[in-house]
Amino acid sequence: LPGRPVRISATAVAQNLEITHTWTKRPDVLPLTCKALEEIGETLDQFAVRRIEWATAHFQKEGLSPAAWRISLFAGLGTPTAKRPVVKAALTAAVAFLKAQSELDYSKADALNNG
């Protein structure tokens, strides 16, 4: 969906389906549904990386190449989350990607100005 990402959790899906009580108290009644709910849930790291990807797409659209802390802030990551190895790697990759994109844009602008 467009806009800020929302975490996909088993609990949220169960609430949306109005089966929270059955899912938590009587999982034997819905074994396949319970299994599916457990499989679709995102970890906090997965959700943080998805938010970084969303923020990166936003900055790319704007033609900006911000520092990692600004991407983290826009993505709504807290400091402890941003310091996790997987999340930190995603931030580093996002910065490198946006920097490369901005350098390509400058190269195109120079080629047009000199051409």
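The values are calculated or read from the model by the stated rules, or taken from the named source; none is laboratory data. Just so you know, these numbers come straight off a predicted model, no measurement behind them. Glycine also receives a Cβ, built like all others from the backbone with ideal geometry; neighbour counts cover every protein chain displayed. Just the protein is used for accessible areas: all its heavy atoms, side chains included, with ligands, DNA and RNA removed. Shrake-Rupley method; radii C 1.70, N 1.55, O 1.52, S 1.80 Å.
Just from its helices, what would the mean residue ellipticity at 222 nm be for the chain, if runs of 4 or more DSSP H residues each count -39500 (n - 2.57) and the sum is divided by every residue, rounded to the nearest 500 deg cm²/dmol?
-23000 deg cm²/dmol, from helical runs alone.
If one takes the longest principal axis of the Cα atoms in the chain, at what angle in degrees, from 0 to 90 and to the nearest 10, does the Cα axis of helix 85-114 lie?
Once rounded, one gets 30 degrees.
Could you do me a favour and compute the accessible area per residue for segment 25-81, 1.4 Å probe, result in Å²?
Solvent-accessible surface per residue comes out at 64 Å².
Over the heavy atoms of THR22, what accessible area does a 1.4 Å probe trace out, to the nearest 10 Å²?
We get 40 Å² for THR22.
Could you tell me which label, among [x] 19.7, 71; [y] 13.9, 43; [z] 13.9, 39, carries the value of Rg and Dmax of the Cα atoms in Å calculated for this structure?
Calculated Rg and Dmax of the Cα atoms in Å: the matching label is [x].
Whole angstrom only: what separates the Cα centroid of segment 29-99 from the Cα centroid of segment 2-18?
16 Å
So if I place +1 on the C-beta of Lys and Arg and -1 on the C-beta of Asp and Glu, and nothing else carries charge, what would the dipole magnitude of the chain be about its Cα centre? I want it in debye, nearest 20.
Numbers: 14 positive and 11 negative charges, 61 e Å.
Charge dipole, the chain, about its Cα centre: 300 debye, nearest 20.
Would you mind calculating the relative contact order of the chain from Cα pairs under 8 angstrom and at least 6 residues apart, reporting the percent as a whole number?
Relative contact order comes out at 25 percent.
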